[in-house]
Amino acid sequence: MNKIKKNKYKEKIYSIACIFLIIDQIIKLLVRVKMNLLDSISIIPSFFSLYYVENEGAAFSILQNKTILLIVIGILCLYMMAKYIEKEQQYTKITLISLGIIIGGMIGNLIDRLLYQKVTDYLSFTIFDYNFPVFNLADIGITVGVVLFVLDNIIQEIKERKIKF
């Protein structure tokens, strides 16, 4: 693959990351400015609400009060992803999108940890009387991005093996 095409892929990935990051940070800013901590706004009664909490840990509140560790892990993951992007030669559209939203989400939560030592969460769902842990757009980007990335790589591997047989 020539260098121009590879740079175009990188540009698309990082553009998606920037757009996702900006949206994430705007929403978090609105939540912090317009709501008080622990305020809740019901959107769909008994199912979905905006609920402003601050999480000093990671997903599902694991690693509470380990901000420095979470910052280091985030930076290391971003570094490894940048190395992967630099090394990889081909990307599907799904891989471009998934890498972009993963990076945008990781940077969004990293910014929160660096500025506030905690992450702003606000999406709250109750499903069959179970209160799912509160999360944010960055968390969605990371989770959905990883799932899409893995599935796309599995599909590409299956396609390559079929061609080789």
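For the stretch 6-52, a tally of residues being surrounded by 18 or more Cβ atoms within 10 Å (Cβ to Cβ) and either modelled with pLDDT under 95 or under 12 Å from T120 (Cβ atoms) (or both) returns 9. I need the full set of residues from the stretch 94-117 which are surrounded by fewer than 18 Cβ atoms within 10 Å (Cβ to Cβ) and in contact with a strand residue (DSSP E or B) (Cβ under 6 Å, 6 or more places away or on another chain), in order please. Result: no residue meets the conditions.
Restricting the first member to the stretch 82-110 and to residues that are without any contact (Cβ under 8 Å) to a residue 40 or more places away in the chain, and the second to residues that are buried (at least 20 other Cβ atoms within 10 Å of the Cβ), the beta-carbon pairs closer than 7 Å and six or more apart or on different chains are M106/I142; N109/V119; N109/A138. If you go through the stretch 124-143 and pick out every residue that is closer than 16 Å to A58 by Cβ and outside any helix (DSSP H, G or I), you end up with 5.
Y91 fulfils the conditions (1) within 30 Å of S42 (Cβ to Cβ); (2) buried (at least 16 other Cβ atoms within 10 Å of the Cβ) except for a single criterion, (1).
Among residues of the stretch 149-165 that are under 14 Å from Y91 (Cα atoms) and surrounded by 10 or more Cβ atoms within 10 Å (Cβ to Cβ), those with a Cβ under 6 angstrom from a residue that is among the β-branched types (V, I, T) and at pLDDT 90 or above, sequence gap 6+ or separate chain, pair up as D152/T92; D152/I94; D152/T95.
Can you confirm whether Y79 is aromatic (F, W, Y), at pLDDT 95 or above and loosely packed, with under 14 Cβ neighbours inside 10 Å? Against the criterion (aromatic (F, W, Y), at pLDDT 95 or above and loosely packed, with under 14 Cβ neighbours inside 10 Å), Y79 qualifies. Please go through the stretch 132-161 and give me each residue that is modelled with pLDDT under 90 and touching a Phe, Trp or Tyr at 6+ places or on another chain (Cβ under 9 Å), ordered by number. Residue satisfying the conditions is F132 alone.
The values are calculated or read from the model by the stated rules, or taken from the named source; none is laboratory data. None of these values were measured; they are calculated from a predicted model. Methodologically, a virtual Cβ is constructed for each residue, glycine included, from the backbone with ideal geometry; neighbour enumeration extends over all protein chains shown.
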